[in-house]
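**Q** First the structure, which I've put down as structure tokens, then a few questions once you've had a look.
Derivation of every value follows stated rules applied to the coordinates shown; laboratory data play no part. The shown structure was predicted, so the numbers you read here are calculated from the model rather than taken from an experiment. Note: ideal-geometry Cβ built from the backbone for every residue, glycine included; neighbour counts use all protein chains shown.
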Amino acid sequence: MKLACASSSLHRDIESGELTQLEFLDLCARELACDGVVLDVRHFPRTDDDYLAQVKKMATDRGLTIAAVSDSGFFSETPQRMATMLDWAITLGAPLVSAPLARETEYSWTEQLERLSAATSLAKSRNITLALRNAPETFAATAHDCKRAAKEADSAWLRFGPDPQRLDAASDPHALAANTVLVWSDVSLETDRSIAQILAAYANFRGHLALDEPSETGSLAALRTSVRRWQTAMLNRI
């Protein structure tokens, strides 16, 4: 398992202008010494090809993998917007776009499935894998929900990007492990026990674990502590 920091973990600092996206990349490489990053679509000050190429080049120069692009609204977007997000991922060299499904109050399941089908078709045409992220009150809140979505979408370009700490008590993280391409961990919910449980559940996972703070009130100090805790746990596991 490799360690990535999500730019959404420092959303407040980036949104306020205290930290730029490029400074975030530098921080992840030089101070946090993580393996990769997950870039939230909200944090791109520009999306022209020149700027996206600059982000990709800087990540490469710093030894960082752009593990994924995250977009909380991806599966609620129009096909045209979905295509744009996927094209950004291609330009950045990111193999994944990670997103939760819509809230259950936003659409009917039939409407969500139509958007899911459109998304997987577009992802297939661009060879970008979609990492479905569970989230409370969405159509993919539980492990069972995630498996249902994958079964009905019936696409090899839809895989799982679970946040095990946000699954309900009845959900078994092992049930998603075989088709998991990205794992999330909430900085504010982490304990040594929860870290050990995630490492045990995904013992054979070779992708990235992304550190995030969905409350959007995360701090650099909290992220730094989280990175060190995970790095120590991973070293002790070897």
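**Q** Which of the DSSP-defined H helices in the chain satisfy a minimum axial length of 24 Å, computed from C-alpha atoms, and a minimum mean Kyte-Doolittle hydropathy of -0.5?
**A** Working: long enough: 109-126 (25 Å, -0.63); 220-237 (25 Å, -0.29).
Helix filter hits for the chain: 220-237.
**Q** Continuing with the same structure: Which lysines have a Cα lying under 22 Å from the Cα of Lys147, excluding residues fewer than 8 positions away in the same chain?
**A** Lys147 reaches Lys124.
**Q** While we're on this one: In terms of modelled amide H atoms, which long-range or inter-chain residues lie less than 5 Å from the amide H of Leu3?
**A** It is Asp35, Gly36, Leu209, by chain and number.
**Q** Ranked by Cβ crowding within 10 angstrom, fewest neighbours first, how are Ser226, Ser125, Ser219, Ser76 ordered?
**A** Placing the least packed residue first, the sequence is Ser125, Ser219, Ser76, Ser226.
**Q** Using θ = phi - 60° and the Karplus relation 6.51 cos²θ - 1.76 cosθ + 1.60, list the HN-Hα couplings for segment 180-188 in order, rounded to whole Hz, with x at every Gly or Pro.
**A** In residue order, the calculated couplings are 8, 10, 7, 10, 10, 9, 7, 4, 6 Hz.
**Q** Moving on. Rounded to the nearest Å, what's the spacing between the alpha carbon centres of segment 145-217 and segment 22-50? Just the number, please.
**A** Taking the Cα centre of segment 22-50 as reference, the centre of segment 145-217 is 22 Å away.
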